[in-house]
Amino acid sequence: MENSLTDTNRQYDNPELSDVTLRLHVPGCPIEDIKAHMVLLCLHSSWFRQHALRQEDVNVINVFVKDSECFKKMLQFCYTLEYDYESDHRAVLHSLSTDTFPRQHIIVHQLAEDYGLPALSERAIQAFAHLFTTWRDIPSNSAATKKKVRETWIREALEIAVGIHYPGRGVNEIGSEMGRAIAKEIVTQSPGQQDHQVIIDLYKRQNEEV
(Lines give C-alpha, C1' and ligand atoms only; values in the text may rest on other atoms or scores of the structure.)
Protein backbone atom coordinates (compact mmCIF):
# COMPACT_ATOMS: atom_id res chain seq x y z
CA MET A 1 0.00 0.00 0.00
CA GLU A 2 1.31 3.43 -0.91
CA ASN A 3 1.73 5.90 1.89
CA SER A 4 -0.46 8.97 2.26
CA LEU A 5 2.29 11.38 1.14
CA THR A 6 2.61 9.58 -2.19
CA ASP A 7 -1.16 9.78 -2.55
CA THR A 8 -1.19 13.53 -2.00
CA ASN A 9 1.70 13.93 -4.47
CA ARG A 10 -0.54 12.50 -7.18
CA GLN A 11 -3.37 14.89 -6.39
CA TYR A 12 -1.55 17.99 -7.64
CA ASP A 13 -3.60 19.48 -10.52
CA ASN A 14 -5.70 16.34 -10.48
CA PRO A 15 -9.40 17.03 -11.08
CA GLU A 16 -10.37 13.91 -9.13
CA LEU A 17 -11.98 14.98 -5.83
CA SER A 18 -10.83 18.58 -6.42
CA ASP A 19 -13.14 21.17 -4.92
CA VAL A 20 -11.63 24.45 -6.09
CA THR A 21 -10.23 25.93 -9.29
CA LEU A 22 -7.33 28.36 -9.07
CA ARG A 23 -7.71 30.76 -11.99
CA LEU A 24 -4.21 31.97 -12.68
CA HIS A 25 -3.78 35.48 -14.13
CA VAL A 26 -0.26 36.30 -15.34
CA PRO A 27 0.49 39.48 -17.32
CA GLY A 28 0.90 38.71 -21.00
CA CYS A 29 -0.24 35.08 -20.65
CA PRO A 30 -3.54 33.27 -21.24
CA ILE A 31 -5.64 32.58 -18.16
CA GLU A 32 -4.88 29.13 -16.77
CA ASP A 33 -7.04 26.99 -14.51
CA ILE A 34 -5.48 24.65 -11.94
CA LYS A 35 -7.61 22.09 -10.12
CA ALA A 36 -6.83 21.99 -6.40
CA HIS A 37 -7.97 20.59 -3.07
CA MET A 38 -8.85 23.25 -0.55
CA VAL A 39 -8.11 21.13 2.51
CA LEU A 40 -4.46 20.71 1.45
CA LEU A 41 -4.07 24.37 0.55
CA CYS A 42 -5.55 25.44 3.89
CA LEU A 43 -3.39 22.97 5.78
CA HIS A 44 -0.16 24.62 4.62
CA SER A 45 -1.10 28.17 3.60
CA SER A 46 -2.52 30.77 5.97
CA TRP A 47 -3.66 32.87 2.97
CA PHE A 48 -5.87 30.10 1.60
CA ARG A 49 -7.07 29.29 5.12
CA GLN A 50 -8.19 32.88 5.69
CA HIS A 51 -9.74 32.99 2.23
CA ALA A 52 -11.78 29.88 3.00
CA LEU A 53 -12.97 31.34 6.31
CA ARG A 54 -14.06 34.60 4.68
CA GLN A 55 -16.05 32.99 1.88
CA GLU A 56 -18.25 29.94 1.80
CA ASP A 57 -18.65 27.60 -1.15
CA VAL A 58 -15.79 29.09 -3.15
CA ASN A 59 -15.44 27.17 -6.41
CA VAL A 60 -13.07 29.53 -8.21
CA ILE A 61 -10.29 31.65 -6.74
CA ASN A 62 -8.70 34.26 -8.98
CA VAL A 63 -4.98 34.49 -8.39
CA PHE A 64 -2.84 37.29 -9.81
CA VAL A 65 0.89 36.58 -9.97
CA LYS A 66 3.89 37.61 -12.06
CA ASP A 67 5.31 34.13 -12.60
CA SER A 68 3.12 31.06 -13.13
CA GLU A 69 5.94 28.50 -12.82
CA CYS A 70 7.00 29.81 -9.42
CA PHE A 71 3.38 29.83 -8.26
CA LYS A 72 3.10 26.19 -9.34
CA LYS A 73 6.25 25.38 -7.35
CA MET A 74 4.50 26.81 -4.31
CA LEU A 75 1.35 24.78 -4.98
CA GLN A 76 3.37 21.60 -5.44
CA PHE A 77 4.93 22.21 -2.04
CA CYS A 78 1.45 22.15 -0.50
CA TYR A 79 1.05 18.63 -1.88
CA THR A 80 4.57 17.22 -1.52
CA LEU A 81 6.26 19.34 1.18
CA GLU A 82 9.30 19.24 -1.12
CA TYR A 83 11.25 21.95 -2.90
CA ASP A 84 14.03 20.21 -4.80
CA TYR A 85 16.93 22.15 -6.26
CA GLU A 86 20.26 20.34 -5.88
CA SER A 87 20.21 18.59 -9.27
CA ASP A 88 19.15 21.85 -10.93
CA HIS A 89 22.06 23.64 -9.29
CA ARG A 90 24.53 21.07 -10.58
CA ALA A 91 23.14 21.64 -14.07
CA VAL A 92 23.84 25.36 -13.70
CA LEU A 93 27.56 24.60 -13.39
CA HIS A 94 27.49 23.15 -16.88
CA SER A 95 25.09 25.55 -18.56
CA LEU A 96 26.44 28.65 -16.74
CA SER A 97 22.96 30.10 -17.17
CA THR A 98 21.25 32.62 -14.91
CA ASP A 99 17.90 32.31 -16.72
CA THR A 100 16.17 30.31 -13.95
CA PHE A 101 18.30 30.69 -10.83
CA PRO A 102 18.52 32.58 -8.53
CA ARG A 103 15.33 34.20 -9.88
CA GLN A 104 13.12 31.22 -9.04
CA HIS A 105 14.23 30.98 -5.40
CA ILE A 106 13.62 34.66 -4.72
CA ILE A 107 10.17 34.69 -6.32
CA VAL A 108 9.18 31.44 -4.59
CA HIS A 109 10.28 33.01 -1.31
CA GLN A 110 8.16 36.09 -2.01
CA LEU A 111 5.14 33.91 -2.80
CA ALA A 112 5.70 31.83 0.33
CA GLU A 113 5.74 35.02 2.39
CA ASP A 114 2.62 36.39 0.69
CA TYR A 115 0.66 33.14 0.98
CA GLY A 116 1.84 32.18 4.44
CA LEU A 117 4.01 29.11 3.92
CA PRO A 118 6.88 29.60 6.40
CA ALA A 119 8.39 26.17 5.70
CA LEU A 120 8.68 26.94 1.98
CA SER A 121 10.01 30.42 2.73
CA GLU A 122 12.83 28.88 4.74
CA ARG A 123 13.46 26.25 2.08
CA ALA A 124 13.79 28.88 -0.66
CA ILE A 125 16.38 30.76 1.42
CA GLN A 126 18.33 27.52 1.89
CA ALA A 127 18.15 26.93 -1.86
CA PHE A 128 19.47 30.41 -2.60
CA ALA A 129 22.46 29.87 -0.31
CA HIS A 130 23.09 26.40 -1.74
CA LEU A 131 23.21 27.82 -5.26
CA PHE A 132 26.34 29.78 -4.39
CA THR A 133 28.01 27.12 -2.26
CA THR A 134 27.62 24.73 -5.21
CA TRP A 135 30.41 26.66 -6.89
CA ARG A 136 32.84 25.34 -4.29
CA ASP A 137 32.45 21.79 -5.59
CA ILE A 138 32.96 22.19 -9.32
CA PRO A 139 34.08 19.29 -11.57
CA SER A 140 37.65 19.80 -12.71
CA ASN A 141 36.66 19.64 -16.38
CA SER A 142 33.97 22.30 -16.04
CA ALA A 143 34.30 25.68 -17.72
CA ALA A 144 33.14 27.17 -14.43
CA THR A 145 36.55 26.36 -12.91
CA LYS A 146 37.90 29.41 -14.69
CA LYS A 147 37.99 32.29 -12.25
CA LYS A 148 36.70 34.83 -14.75
CA VAL A 149 33.74 32.62 -15.69
CA ARG A 150 32.92 32.07 -12.03
CA GLU A 151 33.13 35.76 -11.18
CA THR A 152 30.98 36.73 -14.16
CA TRP A 153 28.26 34.25 -13.23
CA ILE A 154 28.23 35.35 -9.58
CA ARG A 155 28.09 39.03 -10.55
CA GLU A 156 25.15 38.43 -12.90
CA ALA A 157 23.33 36.21 -10.40
CA LEU A 158 23.67 38.75 -7.60
CA GLU A 159 22.55 41.54 -9.92
CA ILE A 160 19.40 39.55 -10.71
CA ALA A 161 18.82 38.80 -7.03
CA VAL A 162 19.12 42.44 -6.03
CA GLY A 163 16.92 43.57 -8.93
CA ILE A 164 14.08 41.24 -7.93
CA HIS A 165 14.29 41.58 -4.16
CA TYR A 166 14.92 45.34 -4.17
CA PRO A 167 12.86 46.64 -7.12
CA GLY A 168 13.76 50.18 -8.07
CA ARG A 169 16.84 49.91 -5.84
CA GLY A 170 14.99 51.56 -2.98
CA VAL A 171 17.30 49.92 -0.47
CA ASN A 172 17.00 51.33 3.03
CA GLU A 173 16.90 48.09 5.00
CA ILE A 174 17.93 44.48 4.55
CA GLY A 175 14.34 43.41 5.10
CA SER A 176 13.44 39.73 5.15
CA GLU A 177 15.66 36.73 5.76
CA MET A 178 16.04 36.44 2.00
CA GLY A 179 17.38 39.98 2.03
CA ARG A 180 19.96 38.89 4.59
CA ALA A 181 20.88 35.88 2.46
CA ILE A 182 21.41 38.08 -0.60
CA ALA A 183 23.47 40.57 1.38
CA LYS A 184 25.56 37.77 2.89
CA GLU A 185 26.43 36.42 -0.57
CA ILE A 186 27.36 39.90 -1.79
CA VAL A 187 29.70 40.32 1.18
CA THR A 188 31.10 36.78 0.88
CA GLN A 189 31.31 36.30 -2.86
CA SER A 190 31.90 39.77 -4.21
CA PRO A 191 32.69 42.28 -1.45
CA GLY A 192 34.21 44.75 -3.90
CA GLN A 193 30.98 45.44 -5.78
CA GLN A 194 30.55 49.16 -5.40
CA ASP A 195 27.10 48.93 -7.02
CA HIS A 196 25.83 47.18 -3.90
CA GLN A 197 27.74 49.12 -1.26
CA VAL A 198 24.53 50.28 0.41
CA ILE A 199 23.44 46.67 0.94
CA ILE A 200 26.90 45.72 2.21
CA ASP A 201 26.90 48.58 4.73
CA LEU A 202 23.38 47.75 5.94
CA TYR A 203 24.27 44.08 6.35
CA LYS A 204 27.40 44.86 8.35
CA ARG A 205 25.59 47.38 10.50
CA GLN A 206 22.76 44.94 11.22
CA ASN A 207 25.24 42.25 12.26
CA GLU A 208 26.96 44.67 14.62
CA GLU A 209 23.64 45.43 16.30
CA VAL A 210 22.85 41.75 16.96
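The values are calculated or read from the model by the stated rules, or taken from the named source; none is laboratory data. Just so you know, these numbers come straight off a predicted model, no measurement behind them. So basically every Cβ, Gly included, is an ideal-geometry build from the backbone, and we count neighbours across all protein chains shown.
Descriptive notes on the structure:
- Entry remark, segment 71-95: residues being over 30 Å from HIS37 (Cβ atoms), touching a helix residue (DSSP H, G or I) at 6+ places or on another chain (Cβ under 6 Å) and of a type in the set (A, V, I, L, M) number 1 in total.
- Residue list for segment 47-65, filter: more than 21 Å from ALA119 (Cα to Cα) and without any contact (Cβ under 8 Å) to a residue 12 or more places away in the chain: LEU53, ARG54, GLN55, GLU56, ASP57
- Every pair of residues 6+ apart whose Cβ atoms lie under 8 Å, when the first sits in segment 100-121 and is touching a residue at least 12 places away in the same chain (Cβ under 8 Å) and more than 14 Å from LEU81 (Cβ to Cβ) while the second is basic (Lys, Arg) and not in a helix (DSSP H, G or I): ILE107/LYS66
- Scanning segment 33-46 for residues that are touching a residue at least 24 places away in the same chain (Cβ under 8 Å) and surrounded by 15 or more Cβ atoms within 10 Å (Cβ to Cβ) returns ILE34, ALA36, HIS37, LEU40, LEU41, HIS44, SER45.
- Options ASP88, ASP19, ASP13, ASP33: the member that is closer than 30 Å to ILE182 by Cβ and not basic (Lys, Arg): ASP88
- Near pairs, Cβ below 9 angstrom, 6+ apart or cross-chain, from segment 146-157 (in the same structural domain as THR98 (by TED's automatic domain parsing) and touching a residue at least 12 places away in the same chain (Cβ under 8 Å)) to any residue that is exposed (fewer than 15 other Cβ atoms within 10 Å of the Cβ) and assigned to a helix (DSSP H, G or I): VAL149/ALA143
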